[in-house]
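Heads up, the thing below is written out as structure tokens.
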């Protein structure tokens, strides 16, 4: 029997949608039925009509919750919606279950099968097409460079004109993961002089291949047996001082050291912010209620400092590039669904599979994900 | 005797400033005294202290007006300030005197010497370093592409990821003057597929040299003796239909057909706007109180249409990139000042000079500028 998939509408502040019309079309071709909550794609520029043309049925939330075998979301829905989930129903999204353990326990008790993207084992190559954290980080990095360029009151590229030459902007990206590399690439495209900083010396190759300068700490954190060792207080201070020097030499700093559910490391201190030249821009991708990478950053806000610098608390950049972000995310969702369906087109959760044994947070009353189990102290 | 130059503070909506500290320094080196109105550079990230360090005296407006031989501005000051100008005082800026003839006449009556950048003869090669319209158009074109990228909810470049490929954005730039070419170049940098449209076939080379596709009308406006001829109604319709086709094939349209003081030509019709796909972006650099290039554009506003397109009324983009725009503008101002000073460092207006005979709107009670005289019906 064909399964029914339903994409829910996100909260107003979230412009992304978990399924886009082109992916709906492919799911239907594979034999699934697809429901889409009315207006779910509107903020990402996908109209209800486009979903209908793709073969989906546009319904209200109660119908979606009542009929779907599998619910897809971007962010975790509100408690009321979670409360309406039924036994054996599957929900897939960026559910942050490794952060909010109580929710994970509740879903397990309700016999709901919850798949939470942040639990995906990112090192398994088969999981790459499902890697929503990666696809959304890529969007965030691109958008971070654009937001920086838009706030900055000077040219990014060098400009040679009849009246004289304007020097290019100096951009420093802290953290060279997926978001950092994409920010570096985009700032380079725009013609800035770009540096990427990371404490992992192994990042050098990727940063330099983008035409940027690689900066790192002179303090090595490499310890015995390949493990990182604890730095001494003096070493930490030395690292911070070096970093402060790199920051002072930049017009724009983009920080990307985000750790889901944990307080982000403070990379740009209050002193660095206060000593920044007027017009300096800080884009803090890690801005959150728990803090950010930049002293004084506030999620969703642009803070202007007394010395004329701007700190952009860029907590949800993928939502600002909602169409592309949704397209990417939706493809990740599609890849997970494909892996969930057996040859009869039914959902079959194989909790021994190396991807599913981590991605599946809860199933049949149990916490499955190895990472989540160890966080909860389960054997 | 050394002349005194004073840069006035602009109106609050204008972030540019007519003199930046580095240019102040050079003017002082050349023997000028420089006054800067308190806070004049603040919105462009130049602090009063920087001006003082460059050798300027920071003063209030009344002192600037009382002491200066030459006043520099970006936009034309308010009537009250113009009313305080004295006989023989010189004022230089984007005064729009070819638009507001009454103001030109008043300044002539008051025996003020007014130099208005829009009157500069742009074909004289010696005038290139003074060409503020050009330097500011260049800023506007760069910023137009950035504003477009920031409003657009999709990637500009093609993105190849583990989950699939995102197609690049299609950008169409209407009008390939200085602003248009800079918008084309910046959109190309960002990885979009870019086309430039102009009715002048001679623009092809410049557009193609930027890696963009050149689009033009199949209707030739070339008439006898090199003059443009009046198009017939049918030809006008054909031209408009062709253009509507190009617009419909684009995600983003940047329009740059601005004619100072005149109603801008309507290039994107209401029909084109209404038929645009959701998420389409129109950036109208020509947006003004007289209308713009895009139906429904409003200066300084972002209009969202019922079909999910956005029209950005980008009436003063240089003000949004105030630091770079001011640096460029200030160099143009410096070039004019250099041309005005004789070997004793005094202002000497040579109304027979091929640049000054156009740039100087009024001097010693007379309207000087040839263009302005012909507009006013003077011999």
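Which residues, taken from segment B:1-47, are over 23 Å from the mean Cα position of the chain (by Cα), buried (at least 16 other Cβ atoms within 10 Å of the Cβ) and closer than 22 Å to residue A:152 by Cβ?
Result: B:47, single match.
Taking into account only those residues within segment B:48-61 that are within 14 Å of another protein chain (Cβ to nearest Cβ) and in contact with a helix residue (DSSP H, G or I) (Cβ under 6 Å, 6 or more places away or on another chain), which is surrounded by the most Cβ atoms within 10 Å (Cβ to Cβ)?
B:51
Among A:325, A:339, which is modelled with pLDDT of 95 or more, assigned to a helix (DSSP H, G or I) and surrounded by fewer than 21 Cβ atoms within 10 Å (Cβ to Cβ)?
On inspection, the qualifying residue turns out to be A:339.
Quick test of your reading of the structure: residue B:109 fulfils all but one of (1) modelled with pLDDT of 95 or more; (2) within 17 Å of residue B:64 (Cβ to Cβ). Name the failing condition by number.
(2)
Please determine whether any residue of segment B:283-291 is surrounded by 21 or more Cβ atoms within 10 Å (Cβ to Cβ), assigned by TED's automatic domain parsing to the domain that holds residue B:144 and in contact (Cβ under 8 Å) with a residue 40 or more places away in the chain.
yes
Please go through segment B:124-136 and give me each residue that is away from every other protein chain (no Cβ under 11 Å) and assigned to a helix (DSSP H, G or I), ordered by number.
Scanning segment B:124-136 gives a single hit, B:133.
Counting only residues that are more than 10 Å from chain B (Cβ to nearest Cβ) and assigned to a helix (DSSP H, G or I), which one in segment A:149-198 is nearest to residue B:320 (Cα to Cα)?
Top of the filtered list is A:187.
Kindly indicate which of B:372, B:378 is in contact (Cβ under 8 Å) with a residue 24 or more places away in the chain and either more than 19 Å from residue B:87 (Cβ to Cβ) or crowded, with 18+ Cβ neighbours inside 10 Å (or both).
Result: B:372 is the single residue among B:372, B:378 that is in contact (Cβ under 8 Å) with a residue 24 or more places away in the chain and either more than 19 Å from residue B:87 (Cβ to Cβ) or crowded, with 18+ Cβ neighbours inside 10 Å (or both).
Anything in segment A:1-35 that is in a strand (DSSP E or B) and within 15 Å of residue A:327 (Cα to Cα)? List them, or say none.
A:7
Give segment A:217-262 a look and list any residue that's surrounded by 12 or more Cβ atoms within 10 Å (Cβ to Cβ), part of a loop (DSSP other than H, G, I, E, B) and either modelled with pLDDT of 95 or more or in contact with a strand residue (DSSP E or B) (Cβ under 6 Å, 6 or more places away or on another chain) (or both), or say none.
Correct list: A:221, A:250, A:251, A:256.
Inside segment A:199-213, can you point out the residues that are outside any helix (DSSP H, G or I) and either surrounded by fewer than 19 Cβ atoms within 10 Å (Cβ to Cβ) or out of contact with any strand residue (DSSP E or B) (no Cβ under 6 Å at 6 or more places or on another chain) (or both)?
Residues satisfying the conditions are A:199, A:200, A:210, A:211, A:213.
Quick one: residue B:194 ticks every box in (1) under 30 Å from residue B:351 (Cβ atoms); (2) crowded, with 24+ Cβ neighbours inside 10 Å; (3) over 22 Å from the mean Cα position of the chain (by Cα) bar one, so which box is it?
Against the list (1) under 30 Å from residue B:351 (Cβ atoms); (2) crowded, with 24+ Cβ neighbours inside 10 Å; (3) over 22 Å from the mean Cα position of the chain (by Cα), residue B:194 comes up short only on (1).
Output the number of residues of segment A:95-115 satisfying the condition of being outside any helix (DSSP H, G or I) and surrounded by 22 or more Cβ atoms within 10 Å (Cβ to Cβ).
The qualifying residues number 6.
The values are calculated or read from the model by the stated rules, or taken from the named source; none is laboratory data. Quick caveat, the model's predicted, so the values are computed rather than measured. With ideal geometry, Cβ positions are generated from the backbone for all residues, glycine too; neighbour counts draw on all protein chains shown.
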